[in-house]
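This report concerns only the one structure given below.
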Amino acid sequence: MASKSRSSSTARGRSKHADAIGLLKTDHRQVEAWFAQFSRTKNQQKKRQLADHICDALTVHATIEEEVFYPAFIEATGDKDTHHEAVVEHAGAKKLIAEIQAMSPDDDYYDAMVTVLAEMIKHHVKEEEQPGGMFSEAKKSDMDLQVLGEQLLARKQELQATAKAA
Ligand SMILES: [Fe+2]
């Protein structure tokens, strides 16, 4: 008999995983740290590496939010204003990410593009995390943040595995 050590469905209710808000906030802190490193380093290769990490992580983050968290948010709260604004901000960020990914780090505008992306993300994160923002609204709603956290994590791991295999 093969012993499978899958815990996600059996450990529900006592999950060791972060809930949805915890998981999304951890992503935010990680990307902020990379942006800070980017602004400090003069090394072009390091900049390229950090920008790659940032773009990849933000792409996964935006995707799991759009596929899992945002639909659950609008269903539970009916708050179209907050939801739609977040979706539009994601679209703007994704456009900039695609441009950065297509760019050479030697391009004169490379650093400026990454800096503008940092500012966009800073604004977006603030809107999500501030008092009365999307996350605090989600906490007050009847969204099951524990289950959503598991779904976000599962989808995140799937996307990361696909990116690695590509
Ligand atoms: Fe977002």
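The values are calculated or read from the model by the stated rules, or taken from the named source; none is laboratory data. As the structure is a computational prediction, the values presented were derived from the model and not from experiment. Ideal geometry is used to build each Cβ from the backbone, glycine not excepted, and the neighbour counts take in all protein chains shown.
Among the residues making up segment 145-166, a single one is in contact (Cβ under 8 Å) with a residue 40 or more places away in the chain and acidic (Asp, Glu): GLU150. The set of residues in segment 87-145 that are within 12 Å of the ligand (Cβ to nearest atom) and in a loop (DSSP other than H, G, I, E, B) contains only GLY133. Figure legend. Inter-residue proximity from segment 5-28: first residues modelled with pLDDT of 85 or more, second residues of a type in the set (S, T, N, Q) and within 16 Å of the ligand (Cβ to nearest atom), beta-carbon distance below 7 Å, spacing 6+ or different chains. Indicated pairs: ALA18/THR26. Between ILE100, ILE64, the distinction of being closer than 21 Å to GLN157 by Cα and out of contact with any His (no Cβ under 9 Å at 6 or more places or on another chain) belongs to ILE64 only. If I filter segment 74-83 for residues that are touching an Asp or Glu at 6+ places or on another chain (Cβ under 9 Å) and modelled with pLDDT under 95, do I get at least one hit? Within segment 74-83, not a single residue is touching an Asp or Glu at 6+ places or on another chain (Cβ under 9 Å) and modelled with pLDDT under 95. None of MET143, MET113, MET103 is modelled with pLDDT under 95 and not polar (S, T, N, Q) except MET103.
Would you confirm, using the coordinates I've provided, whether HIS53 is in contact (Cβ under 8 Å) with a residue 12 or more places away in the chain and under 21 Å from GLU32 (Cβ atoms)? Taking the combined requirement at face value, the residue satisfies it. Do we find a residue being within 12 Å of the ligand (Cβ to nearest atom) and either farther than 21 Å from SER136 by Cα or surrounded by fewer than 15 Cβ atoms within 10 Å (Cβ to Cβ) (or both) anywhere in segment 45-58? Yes, some residue in segment 45-58 is within 12 Å of the ligand (Cβ to nearest atom) and either farther than 21 Å from SER136 by Cα or surrounded by fewer than 15 Cβ atoms within 10 Å (Cβ to Cβ) (or both). Taking each residue of segment 125-140 that is without any contact (Cβ under 8 Å) to a residue 60 or more places away in the chain and within 20 Å of ALA93 (Cβ to Cβ) and looking for partners that are polar (S, T, N, Q) and part of a helix (DSSP H, G or I) with beta-carbon atoms closer than 9 Å, six or more apart or interchain, yields GLU127/THR82; GLN130/SER136; GLY133/THR82.
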